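The values are calculated or read from the model by the stated rules, or taken from the named source; none is laboratory data. Just so it is clear, the structure is predicted and the values come from calculations on it, not from any experiment. So basically every Cβ, Gly included, is an ideal-geometry build from the backbone, and we count neighbours across all protein chains shown. In case anyone asks, the SASA skips ligands and DNA or RNA and just uses the protein heavy atoms, side chains included. Shrake-Rupley method; radii C 1.70, N 1.55, O 1.52, S 1.80 Å.
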Amino acid sequence: MVLKWFNRLILLVYALLILVPLYFVFVSSFKTSSNFFISPFSWPDPFTWDNLTGMFRNQPMWQYFGNSLVVTLGTVAIELLLSSMIAYAIVRWGGSVGKIVFALFVAGLIVPSQVSMLPIYSLTRTLGWSDSLTGLIVVSAAMLMPVSVFMLTGFMRMLNAEILEAGSMDGASEWRLYTRIALPLAAPSLAATATFLLVMVWNDLLIPMLMLSSKSKLTLPLALMQFRGEYVTNYPMMLTGVLVTAIPMIVLFILLQRYFVAGLTAGSLKG
């Protein structure tokens, strides 16, 4: 009984750690600057929509939203296609070859992304990909490849090898086995990985900051930096941008929560 209540207490504290910042962002988005500094955690008084309307009136937020959408969907599409193929190949190879290839991708998780910033910047400038959404998509997909391969390899190992062998004996090629058997069976795992990647790419600030310089190509997290001045920062406006940026991901996670949990559960059963 004590352990049960202790677990509930831990979950309550964890929930508060999530809900309190969300509440702070929400109430701050509808406050004036003076009200924000006078009473940061109180309910907005007066309640104002000026931050929300002013953001879309004074900034091309729809363009930034479109840039983020293009980069996020493009990156996740490339990521799922390539990482699922790599994970399938690793599982099908098995043996020492599969272990070596898997270890090489896992090694990519060890190296901090900040270490590779200078080489990436130099390479993208050489290839003419700097200040380009296409280049940003390619670089983001490459940076996240170790994570997605690591996740999907665990999921692919859960596939019934007898089904794949039966298909192979019937004359199906590896591509047919991959597209007709492996991908449909791994759909919950792909949805879980996609949800994880969508959140990471949508909220990413470091790589867009490294690669993008034109104002017309900014993504939403990078566009929020415009509300920070050298001497004065418009915190209510910035937090309004944070709220606008977070809403699509919150809705997406609610819609895909069942698949996300199912996919993670499937991966955890590997023994």
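Checking the stated criteria, G263 turns out to be of a type outside the set (D, E), at pLDDT below 75, open to solvent by less than 40 Å² (accessible area, probe 1.4 Å) and in a helix (DSSP H, G or I).
Would you mind stating whether A77 is surrounded by 15 or more Cβ atoms within 10 Å (Cβ to Cβ), part of a helix (DSSP H, G or I), among the small types (G, A, S) and without any contact (Cβ under 8 Å) to a residue 40 or more places away in the chain? No; evaluated as a whole, the condition is false for this residue. Scanning the stretch 35-44 finds no residues that are under 20 Å from L222 (Cα atoms), touching a Leu at 6+ places or on another chain (Cβ under 9 Å) and among the hydrophobic types (A, V, I, L, M, F, W, C). Beta carbons closer than 7 Å, at least 6 apart along the sequence or on distinct chains, pair a first residue in the stretch 171-188 that is closer than 13 Å to M85 by Cα and among the aliphatic types (A, V, I, L, M) with a second that is open to solvent by 30 Å² or more (accessible area, probe 1.4 Å) and part of a helix (DSSP H, G or I) for L177/S168; I181/I163. The residue of the stretch 189-229 that is most open to solvent (accessible area, probe 1.4 Å), among those that are in contact (Cβ under 8 Å) with a residue 40 or more places away in the chain and small (G, A, S), is S213.
Would you point out the residue of the stretch 127-159, among those that are open to solvent by 50 Å² or more (accessible area, probe 1.4 Å) and in a helix (DSSP H, G or I), that is nearest to A187 (Cα to Cα)? Out of the qualifying residues, it is F150. R92 meets the conditions (1) of a type in the set (D, E, K, R); (2) in a helix (DSSP H, G or I); (3) at pLDDT below 90; (4) open to solvent by less than 40 Å² (accessible area, probe 1.4 Å) in every case but one. The failed one is (4). Here the condition is being under 25 Å from L220 (Cα atoms) and loosely packed, with under 13 Cβ neighbours inside 10 Å; of Q63, Q114, it holds for Q114 alone.
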